[in-house]
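Novice: One structure, pasted below without further comment.
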Amino acid sequence: MNSPKSHPLLLGALSLSVFFMSWIILTKAVGTKILPDPFQVIGEIIRLFKTPLSGRTLLEHVLFSLRRVLIAYGLAIVSGLPLGLMMGWSSLCRKIIGPIFEIFRPIPPIAWIPVAILWLGVAEGSKIYICYVGAFIILALNSFTGTRYVEPILINCARVLGANRKRLFLGVAVPAALPSIFAGLQNGMSMAWMCVLAAELVGGREGIGFIIIQGMNLDRPDMILAGMVVIGLLGALMAIVLRILEKVLCPWRRELV
Amino acid sequence: MTTYNPKTVTDQSGSHDPVKVKVRHLTKAYDELLVLNDISFDIRKGELLCIVGPTGCGKTTFLNCLTGFAPLTSGEILIDNEPGNLFRHNIGFVFQEPSTIPWLKVWDNVAFGLKIKKLPPPEVISRVEKMLDTVGLRRFVDYYPRELSASLEQRVALAREFAVKPDLLLMDEPYGQMDIKLRYYLEDEVRRIQMEEGTTVAFVTHNIEEAVYLADRILVLSQKPSTINEEVAIDLPRPRRFDAPEFVAIRNHVTEAIKWW
């Protein structure tokens, strides 16, 4: 008999079919008014693709959300990464910025929604800002721990060989922190993605969050689920892209088997 | 059985060789824990000095003081008559633990120090190639360190440190991970490179046989807080034979000198 390990695809297909079977059974039990079955949800996704909701098709809504996420994510990378690296590397930076950072760190990004709307209005600014806060904290934190906890022996090895501080930073600390930075890039992306939905749920006439809220207002569970499925798929897609990027840029990393 | 009457070196000024490293009243304490207690000795230019002593006696601490990784509590260490400076002095350090650079392939690991020292690329290439042959890593140039065994990894670190042709080479139990055949081979290689380049070597080991085989002089440290129990000059002809009566006599003598029980 073949071990299940040799059939990862088969196993995956099995688990998915069990999942969908249970879903269908559950739908039968509670009725489609409460829980639409998978086919209805897929049908709804196709319908949203063709028929505009509030003047926009699904693709346009997705692009709206994506645009917000990517702008925020880009801003978080150019600000959060250097800040984290600096805090990890220089004890002076750590002492100056550390305490402020510690105060802001535990505040969930969603808690920023009210002030963000107050300051930046309900338009793009506040939504981008909320995503930015979420991704920024994670990116800064990961690049911080990455550089802070570089194996001392690697630093010492380079120091004995005559490396100056700049060389130690660029040649040892940053590459040593790369795996941790990549973890930050991945988690920061999913955080930004979560935040854009939260922001869109609160206000806005476009985006995937808006589709979900519309579904609720119109009492259309299939529309809500369609929005959720699209979120899941897009999130997974972005995670895969980042993982491929990591494999290319950090080929030395030990794979967890 | 041959007995050995050591020429115990007590007066450092009695030597005429130029001094590479001068250690004076070196004391190192970690908080309340006194590790090195008022140690003074010299390492002469071109000498291979082995430092032996019981586990935890501060052998590694001494090397860390020498490189400046650990600040001295009191006393001083001079390299070429000035305080050690990692930018000016060409020092190599082979660590006990794996110290290969995980994100560099073997070739680039060996080139690591040469690039820090900004050697011209053709020189980098020729030295790396030569070192790869010396330590037998030719087949592994395109591997990452994690793909190698512990012994191969240590050879990468050795090649990296040898490649910079240090004039002071510090080795902290470098061969602990290796099987006996490789160990013998690399002991001879260290000696050969040392003779060719005139390198001064401080070699920390707990393997007394290894110390007697390699050393021009052995420094025997006592248990913590460490002082120098004895300095043993070894003038056996080379290549040395492990089973020669004189060799065995010195080995037994050093073993006795180390004993604290």
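Taken together, the values in this text are just the output of simple stated rules run on the coordinates, not laboratory data. Because the structure is predicted, anything quoted here is derived from the model rather than measured. A quick note on method: Cβ atoms are made from the backbone with ideal geometry, for glycine too, and the neighbour counts reach across all protein chains shown.
Novice: Could you name the aspartates and glutamates in cross-link range of B:Lys115, using Cα to Cα under 19 Å and dropping any fewer than eight places away on the same chain?
Specialist: By straight Cα distance, B:Lys115 reaches B:Glu123, B:Glu129, B:Asp142, B:Glu161, B:Asp167.
Novice: Could you give each residue of the range A:75-81 its phi-based ³J(HN,Hα) in whole Hz, using Karplus coefficients 6.51, -1.76, 1.60 with θ = phi - 60°, and x for Gly or Pro?
Specialist: So the Karplus estimates, Gly and Pro as x, are 4, 5, 5, 6, 9, x, 4 Hz.
Novice: Run the reach check for A:Lys33 against lysines, Cα to Cα strictly under 25 Å, same-chain hits fewer than 8 apart removed. What comes back?
Specialist: A:Lys50
Novice: What GluC sites (Glu not before Pro) in the range B:169-234 are in a loop by DSSP, with at most 14 other Cβ atoms within 10 Å of the Cβ?
Specialist: Filter output for the range B:169-234: empty list.
Novice: Quick one: which of B:Lys45/B:Lys117; B:Lys118/B:Lys165; B:Lys28/B:Lys224; B:Lys22/B:Lys118 span more than 18 angstrom between C-alpha atoms?
Specialist: Distance filter (> 18 Å) returns B:Lys45/B:Lys117; B:Lys22/B:Lys118.
Novice: While we're looking at this one, here's another question. Report the relative contact order of the range B:97-164, percent, no decimals, based on alpha-carbon pairs under 8 angstrom and at least 6 residues apart.
Specialist: Relative contact order, the range B:97-164: 54 percent.
Novice: Measuring from label point to label point, each 7 Å out along Cα→Cβ, what is the A:Ser22 to B:Asn85 span in nm?
Specialist: Each label point is offset 7 Å from its Cα along the Cβ direction, giving 7.0 nm.
Novice: How would you rank A:Thr57, A:Thr147, going from fewest to most other Cβ atoms within 10 Å of each one's own Cβ?
Specialist: A:Thr57, A:Thr147
Novice: State whether chain A is rounded, prolate or oblate according to the following rule on the C-alpha gyration tensor (a ≥ b ≥ c being the square roots of its eigenvalues): a/c under 1.5 gives rounded; otherwise a/b larger than b/c gives prolate, and the remaining case gives oblate.
Specialist: It is oblate, given that a/c is not under 1.5 and a/b is not larger than b/c.
Novice: Taking the number of other C-beta atoms within 10 Å as the exposure measure, put A:His7, A:His61, B:His206 in order starting with the fewest.
Specialist: A:His7, B:His206, A:His61
Novice: Tell me the relative contact order for chain A as a rounded percent, counting alpha carbon contacts under 8 Å between residues six or more apart.
Specialist: 23
Novice: Which angle between 0 and 90 degrees, to the nearest 10, do you get for helix B:121-135 versus the longest principal axis of chain B when only C-alpha atoms count?
Specialist: Relative to chain B, helix B:121-135 is tipped by roughly 60 degrees.
Novice: If the only charges are +1 at each Lys and Arg Cβ and -1 at each Asp and Glu Cβ, what is the size of the charge dipole of the protein assembly as shown around the Cα centre, to the nearest 20 debye?
Specialist: Charge dipole of the protein assembly as shown: 1560 debye, to the nearest 20.
Novice: Report, in degrees rounded to the nearest 10, the 0 to 90 angle that the Cα long axis of helix B:245-258 makes with the longest principal axis of chain B.
Specialist: The angle comes out near 80 degrees.
Novice: Efficiency by 1/(1 + (r/R0)^6): what FRET value for B:Val141 and A:Val122, r their Cβ-Cβ distance, R0 = 56 Å, to the nearest 0.05?
Specialist: 0.40
Novice: Same structure, new question: Starting from the 7 Å offset along Cα-to-Cβ, what nm value, one decimal, do you get for the label separation of B:Lys115 and A:Met228?
Specialist: Each label point is offset 7 Å from its Cα along the Cβ direction, giving 5.0 nm.
Novice: Further, regarding this structure: Hey, fewest Cβ within 10 Å first, where do B:Tyr144, A:Tyr132 land in order?
Specialist: B:Tyr144, A:Tyr132
Novice: Each residue of the range A:10-24 in turn: what ³J(HN,Hα) in whole Hz from Karplus with 6.51, -1.76, 1.60 and θ = phi - 60°, glycine and Pro shown as x?
Specialist: 4, 4, x, 4, 4, 5, 5, 5, 4, 4, 5, 4, 4, 4, 4
Novice: Could you give the nm distance between label points at B:Thr73 and A:Lys95, where each point is 7 Å from its Cα heading toward the beta carbon?
Specialist: Output for this residue pair reads 2.6 nm.
Novice: Can I ask one more? Ratio of alpha-carbon Rg to the 2.2 N^0.38 Å globular estimate for chain B, to two decimals, please.
Specialist: Dividing the Cα radius of gyration by 2.2 N^0.38 Å gives 1.01.
Novice: Specify the inter-centroid distance of the range A:6-33 and the range A:82-148, based on alpha-carbon positions, in whole Å.
Specialist: So the separation of the two Cα centres works out to 40 Å.
Novice: So what is the calculated 222 nm ellipticity per residue for chain B, using -39500 (n - 2.57) for each DSSP H run with n of 4 or more, over all residues, to the nearest 500 deg cm²/dmol?
Specialist: Calculated from helices alone, the mean residue ellipticity at 222 nm is -10500 deg cm²/dmol.
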